[in-house]
Amino acid sequence: MRALADRELLGEALLTELLSPTDLDHGGDSGFGLGVDLVRLGDFAGVTVGGGGPGGALHIVRYPEADLTLVLAATAADAPLADLGRALARRVLGLAPPGVQDLPLDAEEALRFAGGYQLGCDRLVVGMGAAGRMTLSIIERDLRQLLYQGDGRFVAADDDECVYQFVFRDGDERASALVLMEHGQRTEAVRLE
């Protein structure tokens, strides 16, 4: 992991290939690279590798600036090792847990955010879930519950490193865009009408 993070093992071209989603036969992509990912925890950038399969899961993360490497293994393929790794790294690096709130959101205000958004080839759907919380889903992928932070800002209930900011332009009644900030990567989706 040290050689990978310090670019001693892989050049930029090969690292880019490992990080890039795999093209699939139906024209879409896998949504993930070949098990390697870049991560950010506060001001610390890192690199991670791992995954799950029959009989277990493995997660390795390296934060080179802090000279910190965590290796986590479990006998359950769906063990939340990435979440545990972030929590452990926060403690070791002395980072305070982020201040995540769960503010109430009335139905009228929720309608300002709800709808479809286009992000590259993906369509995101924002709506109100059965639990009374906003949800975000990528068509044919996961459904994520969102916690309202105020001022059009949400945090994923299952991953506080995923922040979603709705953008209003020119006095719009409904959000015209959605900025996704996930693990240090920023992308913007535009509303579909």
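The numbers here are math on the coordinates, done by the rules we state, and not lab data. On a predicted model such as this, the values are computed, not experimentally measured, just so you know. A quick note on method: Cβ atoms are made from the backbone with ideal geometry, for glycine too, and the neighbour counts reach across all protein chains shown.
Taking the simple approach of a point 7 Å from Cα along Cα-to-Cβ for both LEU68 and ARG169, what is their distance in nm?
A separation of 3.9 nm, rounded to one decimal place.
Could you give the length gained by full extension between GLN118 and ALA77, i.e. 0.36 nm per residue of separation minus their alpha carbon distance, to one decimal place?
11.6 nm
Rounded to two decimal places and with Rh computed the Kirkwood way over Cα pairs, what is Rg over Rh for the range 65-107?
With Rg and the Kirkwood Rh in hand, the quotient comes to 1.15.
May I ask you to derive the relative contact order of the range 125-193, considering only C-alpha pairs under 8 Å and at least 6 residues apart, and to give it as an integer percent?
The normalised contact order for the range 125-193 reaches 16 percent.
So if I average 1/r over every pair of distinct C-alpha atoms in the range 109-153 and take the inverse, what Kirkwood radius in Å does that give?
11.0
Separation between the ASP106 and ASP159 pseudo-spin-labels, each 7 Å from Cα along Cα→Cβ, expressed in nm?
Roughly 3.3 nm, to one decimal.
Over what distance in Å are the Cα centres of the range 56-123 and the range 136-188 separated?
Between the Cα centre of the range 56-123 and that of the range 136-188, the gap is 14 Å.
So if I take the alpha carbon set of the range 85-193, get Rg, then get Rh from the Kirkwood formula, what is the Rg over Rh ratio?
0.98
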